[in-house]
Amino acid sequence: MNSLRAKILTRPIHRWAKKALPALSQTESEALTAGEVWWEAELFSGNPDWSKLLDVKTPQLSVEEQLFFDGPCQELCGMIDDWKINQIDGDLPAEVWQFLRDNKFFGMIIPKSHGGLGFSAFAHSEIVRYISTRSVAAAVTVMVPNSLGPGELLHQFGTDEQKDYWLPRLADGRELPAFGLTSAEAGSDASAMVDEGVICKGHWDGEEVLGIRLNWAKRYITLSPVCTVLGLAFKLRDPDALLGNEEGLGITCALVPTGLDGVETGRRHLPSSTMFMNGPTTGKDVFIPLDYIIGGPEFAGKGWMMLMSALAAGRGISLPSMGCAAIAYSAHTTGAYARIREQFNLPIGKFGGVQARMGRLAADAYAMDAARHLTCAGLDEGRALSVISAIMKAHATFKMREAINDAMDVHSGKAVIDGPSNYLLPLYRAVPIGITVEGANIVTRSLIIFGQGSIRAHPHMLDNILALQEFDPHKSLEMFDKSFWAHVGHTTMTLFRAWGRAWTGGRFAPAPDAGKATPIYRQLARWSAAYALTADFAFLTLGGELKRKEMISGRMGDILSEMYILSAALKRWEDEGRQNADLPVLEYAAAAGLKRVQAALDEVINNLPARWAAWILKFFTLPGSTVAGPSDQLAAICSDLIFEPSATRNRITGQLFKGANGDALQVLNDCYPKVIDMAPVMKRLRDAKKSPEEALEAGLLDDAEWANLKEMKSLVDKVVAVDEYSPDEFADLYRNPTAIGNQSSDERAIEAAE
Ligand SMILES: Cc1cc2nc3c(=O)[nH]c(=O)nc-3n(C[C@H](O)[C@H](O)[C@H](O)COP(=O)(O)OP(=O)(O)OC[C@H]3O[C@@H](n4cnc5c(N)ncnc54)[C@H](O)[C@@H]3O)c2cc1C
């Protein structure tokens with residue numbers, strides 16, 4: 001240690017920092033140490049090393065995964081009638097449940113050595129994404145056993161005996177898991193949980209053993225009504241000191257077979273009219289032996305760390321896959337519908353107002369799916385991406401909401417009227433589910449992304465905090481002396497970097513040679529430096545207060561998220577061989593994303609209580625408003641890329657369910673190419689100002705064209721049609737839900753007559 005510096009300079013700062021910097025609670029420390037940082041740390045450094053991004057291996061399906069995707073996954077979607085599930089049966093059909101078990105959909109993340117499919121994060125994501133475009137109820141049913149829950153927790157922390165017994169049974173669906181964390185008291189704040197386990201002696205298999213007596217009342221638990229084993233989180237106490245001297249052992253996770261005395265499951269909630277299994281569960285004086293704690297007795301009290309670790313993977317896959325599915329699906333269906341539907345004698349996608357929405361849809365679909373790929377690549381490298389998973393969960397579902405709203409607005413009445421022909425409403429209804437589960441978005445955005453990101457992703461913040469928390473005062477000062485001065489050096493460097501890049505408009509910021517995308521890298525490097533400097537000033541002036549300034553930390557989280565998504569889009573463009581056709585959507589994503597970055601940074605600076613710091617930041621980072629956002633012309637070009645058939649449209653859409661058995665989605669997908677094929681004929685009629693009948697009579701159409709036009713017209717009528725019900729059918733639907741969809745109107749008439 002530089003002792004003079006430490007004595008004269010560091011010591012008083014150390015004293016001040018002990019008071020000013022955020023102290024970490026037990027749950028915060030566990031959450032922080034459970035995850036790791038990756039590309040977001042480069043963005044946080046203010047000087048991202050682009051080679052690290054570009055070196056990340058692009059995820060791909062293995063032959064086996066592709067076969068599963070083309071086989072059971074597609075077959076499953078063909079078996080599903082989403083309207084019937086949600087409006088008539090209130091459940092997946094029995095044969096679908098069986099198909100899911102037989103094909104090990106519940107064991108995608110369970111290693112092959114334990115009877116599972118052992119799929120990569122990317123394959124898991126692709127499968128959930130595809131099923132989401134067919135049925136949210138089915139997707140959630142598949143998602144949950146593969147996300148946070150017994151499977152993941154056992155895989156990460158289980159003892160060998162637990163893994164050998166449970167994993168094969170979970171993989172083939174003999175056991176169906178649910179995970180119970182949330183209760184009436186504990187929603188976002190799990191530490192408020194009153195569900196309790198008490199260490200005691202009890203009887204198990206005819207013997208007296210040491211175990212836990214459990215009492216709980218959980219709610220909102222997905223699969224709880226049908227699960228056979230519950231992964232339960234509860235607070236463990238040892239009042240009689242049977243395990244040791246500590247009474248409150250803390251949050252613990254155990255496996256509870258639902259057949260045990262005192263367990264109640266079966267009651268259901270109706271989550272936003274989306275009929276996956278979800279409900280409350282209670283337990284009264286349920287006894288389990290100690291080795292039902294996941295990981296065994298030594299994992300007593302380590303539940304929060306285990307949850308955070310499991311969440312780092314699951315949260316990056318499940319909801320982000322559903323969100324990306326919804327965004328791509330919105331772009332796909334809206335592009336087709338806007339081409340098919342005409343008003344004022346023009347396809348509605350030709351109108352600027354509609355183009356504004358479609359341009360955004362195209363760019364968001366491109367960028368968000370890029371972020372999904374990048375995240376899966378990181379997870380497949382075996383990384384526990386806690387901050388990135390939180391970014392993905394919140395932003396894929398925020399953007400899902402925006403995309404579905406855009407799609408609904410463009411489809412208008414067609415999207416409002418409910419019935420089997422409405423291919424948008426099921427996803428619309430699922431939006432609040434995505435926003436709420438696996439960490440509600442407001443708390444994730446305001447508290448977690450920047451809260452964890454700032455400490456973990458900042459090059460020196462965690463070292464500072466660890467130094468300040470060190471018990472031994474001498475060691476604490478020594479550690480702080482090192483980390484603090486490294487931090488000062490970093491901030492000084494960042495200040496000059498941010499200044500130089502801001503005042504030159506980022507023109508000389510470092511960037512790889514990426515062809516036409518190179519300026520976007522430069523801009524991102526510019527804003528990354530501005531962000532890093534602002535983060536340091538926020539720490540300096542707000543200290544521990546920053547944790548409670550959620551409006552500021554929420555915006556800082558948004559900026560980090562925007563930069564992550566945009567860098568993923570840049571990587572996508574590179575990975576896909578710099579597709580020139582996709583450049584407009586990349587440019588749109590960059591213009592819109594950087595505009596939001598600048599606006600959020602402006603708002604942070606405007607709201608910093610220390611005005612001197614705000615003025616310094618303004619001077620060094622934001623000389624005037626420099627990001628214009630996407631131009632109208634660019635929005636129209638991007639809109640056209642999903643309005644007309646294009647390679648970009650296909651790439652954005654990726655693998656989506658395209659409809660089956662003549663359903664509304666299939667009709668849309670059949671009609672779209674027909675409308676495109678007939679476009680020259682329709683133009684001829686418009687130029688001649690004639691109806692098809694008049695044109696036929698005037699010899700402007702040959703017989704084949706006339707037949708094709710008639711076919712197209714009938715498909716267009718079907719696309720535009722909405723469902724309607726007679727008073728009887730309507731009454732049946734609500735009083736006797738089995739009436740519509742299961743019976744023909746003739747059968748209903750016969751029944752009525754009888
Ligand atoms: C359909 C569905 C399925 C679910 N499945 C499961 C499951 O399988 N297992 C399980 O354990 N749980 C499950 N949940 C529970 C889900 O994780 C919780 O609903 C979620 O954690 C939020 O809790 P809450 O609804 O009680 O909201 P609350 O915690 O009451 O929060 C209300 C609002 O306040 C915000 N908020 C809270 N604290 C803060 C803060 N400090 N800063 C800023 N904003 C804050 C939240 O973001 C939210 O917007 C499910 C929920 C639903 C609806």
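Values quoted throughout were computed directly from the atomic coordinates according to the rules given, and no laboratory measurement underlies them. A quick note: this is a predicted structure, and the numbers were derived from the prediction, not measured. Every residue, glycine among them, receives a Cβ derived from its backbone with ideal geometry; neighbour counts consider all protein chains shown.
For the pair region 377-434 / region 269-344, the C-alpha centres are spaced 13 Å from each other. In this calculation the C-beta distance from Asp723 to Lys690 is compared with R0 = 30 Å, giving a FRET efficiency of 0.35. For the listed peptides 418-425, 488-495, a ranking on the average number of other beta carbons within 10 Å per residue, highest first, reads 418-425, 488-495. Per residue, the convex hull spanned by the Cα atoms of region 237-280 amounts to 130 cubic angstrom. Restricted to Cα atoms, region 366-500 shows a radius of gyration and a Dmax of 21.9, 71 angstrom.
As an equivalent ellipsoid, the chain spans semi-axes of 47, 39, 20 angstrom, where each value is the square root of five times an eigenvalue of the C-alpha gyration tensor, largest first. Which pairs break 28 Å Cα to Cα here: Lys18/Lys235; Lys399/Lys595; Lys399/Lys618? As for pairs spanning more than 28 Å Cα to Cα, those are Lys18/Lys235; Lys399/Lys618. Along the positive direction of the dipole of region 588-726 (beta-carbon charges: Lys, Arg +1; Asp, Glu -1; about the Cα centre), which of Leu608, Ala591, Ala660 reaches farthest? Sorting the options by dipole projection puts first Leu608.
In µm²/s, what is D for region 1-148 at 10 °C and 1.306 mPa s, where D = kT/(6 pi eta Rh) by Stokes-Einstein and Rh is the Kirkwood radius from Cα pairs? Kindly include the intermediate steps, with their values, before the conclusion.
On the way: Rh = 19.9 Å.
Calculated translational D: 80 µm²/s.
Note that region 555-686 carries a Kirkwood radius of 18.2 Å, evaluated over its alpha carbons pair by pair. Ranked by the mean number of other Cβ atoms within 10 Å of their residues, highest first, the peptides 42-55, 640-653 come out as 640-653, 42-55.
If you take the Cα centroid of region 441-505 and the Cα centroid of region 133-203, the two points sit 36 Å apart. Subtracting the Cα-Cα distance of Ser188 and Ala486 from 0.36 nm times their residue separation leaves 103.7 nm of extension gain. Potential lengthening of the chain between Ala610 and Lys19 amounts to 211.0 nm, from the contour at 0.36 nm per residue minus the alpha-carbon distance. Sorting the segments 236-243, 352-359 by their mean number of nearby beta carbons within 10 angstrom, highest to lowest, gives 352-359, 236-243. With label points built 7 Å along Cα→Cβ from the Cα atoms of Thr33 and Gln156, find their separation and express it in nm. Inter-label distance under the simple model: 1.5 nm.
Placing one equal scatterer on every Cα of region 248-339 and applying the Debye formula, the log10 ratio I(q)/I(0) at q = 0.19, 0.25, 0.26 Å⁻¹ is -1.10, -1.19, -1.19.
In the frame of its principal axes, region 308-386 has Cα extents of 56, 16, 15 Å, reported largest first.
Within the same chain, lysines fewer than 8 places from Lys414 are excluded, and of the rest, those with a Cα less than 21 Å from its Cα are Lys84, Lys350, Lys658, Lys674, Lys713, Lys718. Report summary: the helix-based calculation at 222 nm, which adds -39500 (n - 2.57) for every DSSP H run with n ≥ 4 and divides by the residues of the chain, gives -18000 deg cm²/dmol.
As a proxy for reagent exposure, ranking Met79, Met712 by other Cβ atoms within 10 Å from fewest up yields Met79, Met712.
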